[in-house]
Amino acid sequence: MTLKACVIGWPIEHSRSPLIHGHWLGLHGIDGSYAKKAVSPDDLKKFISSMCENGFAGCNVTVPHKETVLKFAGQSDEAARIIGAANTLWFDKGVLHASNTDGYGFLANLDERAPGWDENRSCALVLGAGGASRAILHALGSRSFRDVILVNRTRSRAEALAAHFKGAFRVADWEKRNALVGECALLVNTTTLGMTGQPPLELDLSNAAEGCVVNDLVYAPLKTKLLEHANDAGLRGVDGLGMLLHQAVPGFEKWFGVRPEVSSELRELVIADIETA
Ligand code: ATR
């Protein structure tokens with residue numbers, strides 16, 4: 001029987017998940033499929049409740065359904081519960097399970113591309129307070145960063161996140177971000193600044209500490225202005241593509257029974273797709 005999985009969102013055309021999972025299905029010779037499904041908010045409940053009988057082993061979930069799907073899951077793991085959103089669903093003995101693998105993807109990407117990045121856990125600066133930021137804050141907590149500073153253009157959103165995480169980090173003004181750079185061993189851009197069609201993130205790296213790691217979650221374009229500046233300043237820069245690739249690993253394993261690898265071949269495949277978009 002063909003094993004089926006998919007990614008649901010509204011809209012969904014932009015998703016690169018079918019490329020990633022399709023590559024792994026072919027590589028492992030698995031009789032499986034992974035499709036894009038445009039599911040509107042009005043149709044979400046119906047889609048999820050008929051997913052099992054329609055032969056799906058599970059799915060990935062993207063905007064705008066990541067929070068809502070938690071209501072339909074019988075079991076949610078700790079990451080999904082704490083982040084308050086899920087990106088991966090699967091059935092186990094008929095029960096729908098939910099996980100959030102974004103934080104895992106973030107950590108695995110840094111582990112791979114900046115080995116030793118978390119040896120200095122003194123301080124991290126996180127820019128942005130949207131959905132991506134939640135996952136990163138949770139992930140940094142799991143690696144016991146001593147001091148995490150959150151800055152966001154709209155300060156009230158950062159404060160709402162601080163309340164959600166029960167004050168596990170401090171909030172500072174967006175305008176203070178340049179002054180904070182020198183304190184930090186890790187800088188993470190979770191904002192949409194730097195994405196194709198968006199203005200660049202303005203961040204002065206001239207006072208950055210030696211060994212500071214700069215992670216831009218943006219992957220289109222792959223080389224953002226922020227990463228160019230990090231490179232010019234002699235810092236280790238890490239793009240966001242690896243997070244996209246690694247977050248896909250746990251779902252594939254749940255649905256298709258094989259833990260796939262994030263190889264350079266897969267990375268090149270997705271880069272070629274980004275460059276032709
Ligand atoms: P996601 O779920 O992908 O994190 P989001 O919830 O839309 O996306 O969040 C986008 C983030 O980019 C927010 O932190 C947003 O800041 P606001 O909360 O002030 O909107 C940030 N962002 C977007 N455009 C920005 C800009 N021009 N300057 C500064 N921050 C910006």
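Nearest 500 deg cm²/dmol is fine: what mean residue ellipticity at 222 nm does the chain get from its DSSP H runs of n ≥ 4 alone, each adding -39,500 (n - 2.57), divided by its residue count? For the chain, the value works out to -10000 deg cm²/dmol.
For the chain, a Gaussian network of Cα nodes joined below 10 Å ranks Asp147, Asp216, Asp111 by mean-square fluctuation, and the top entry is Asp111. Largest to smallest in accessible area, the residues Lys176, Lys4 fall in the order Lys176, Lys4 (1.4 Å probe, all protein chains included). Mean sequence separation of contacting Cα pairs (under 8 Å, at least six apart), scaled by the length of the chain, corresponds to a relative contact order of 16 percent.
Note on region 167-217: percent of Cα-Cα distances in each 5 Å bin, starting at 0 and stopping at the bin with the largest distance, equals 4, 18, 26, 27, 17, 7, 1.
Extent along the principal axes, Cα only, for region 121-163: 27, 16, 16 Å, with the longest axis given first.
From the largest down, region 1-150 spans 50, 35, 31 angstrom on the principal axes of its Cα atoms.
Once you reduce region 121-177 and region 12-57 to the center of their Cα atoms, the two points are 32 Å from each other. Residues of region 187-216 with an amide N closer than 19 Å to a point placed 7 Å from the Cα of Glu275 along the Cα-to-Cβ direction: 196-197. Solvent-free Debye calculation, one equal scatterer per alpha-carbon of region 50-134: log10 I(q)/I(0) at 0.21, 0.22 Å⁻¹ equals -0.99, -1.05. When all protein chains stay in place and ligands, DNA and RNA are ignored, the 1.4 Å accessible-area order of Trp117, Trp174, largest first, is Trp174, Trp117. Binning the C-alpha pair distances of the chain at 5 Å intervals from 0 yields a P(r) profile of 1, 6, 12, 16, 18, 16, 13, 9, 5, 2, 1, 0 %, listed from the shortest bin outward.
If both residues of a DSSP beta bridge must be in the chain, then about 20% of such bridges are antiparallel.
In the context of the full protein assembly, Leu107 retains an accessible surface of approximately 20 Å², using a probe radius of 1.4 Å and ignoring ligands and nucleic acids. Accessible surface of Thr192, taken over heavy atoms with a 1.4 Å probe and every protein chain present, rounds to 80 Å².
Cα-Cα over 22 Å: which of Lys36/Lys223; Lys45/Lys166; Lys36/Lys254?
Listed pairs above 22 Å: Lys36/Lys223; Lys45/Lys166.
If you bin all the Cα-Cα distances of region 104-242 at 5 Å, starting from zero, the percentages per bin are 2, 11, 23, 26, 23, 13, 3, 0. Length available on full extension from Ala168 to Ser33: 0.36 nm per residue minus the Cα-Cα distance, which gives 44.5 nm. Summarising the overall dimensions of region 1-71 from its C-alpha atoms, the Rg and Dmax are 12.3, 36 angstrom. Separation between the Asn178 and Arg81 pseudo-spin-labels, each 7 Å from Cα along Cα→Cβ, expressed in nm? In this crude label model, Asn178 to Arg81 measures out at 4.4 nm.
Within the full protein context, the accessible area of Trp24 is estimated at about 0 Å² for a probe radius of 1.4 Å.
The values are calculated or read from the model by the stated rules, or taken from the named source; none is laboratory data. Because the structure is a prediction, the values reported are computed rather than measured. Glycine also receives a Cβ, built like all others from the backbone with ideal geometry; neighbour counts cover every protein chain displayed. Just the protein is used for accessible areas: all its heavy atoms, side chains included, with ligands, DNA and RNA removed. Shrake-Rupley method; radii C 1.70, N 1.55, O 1.52, S 1.80 Å.
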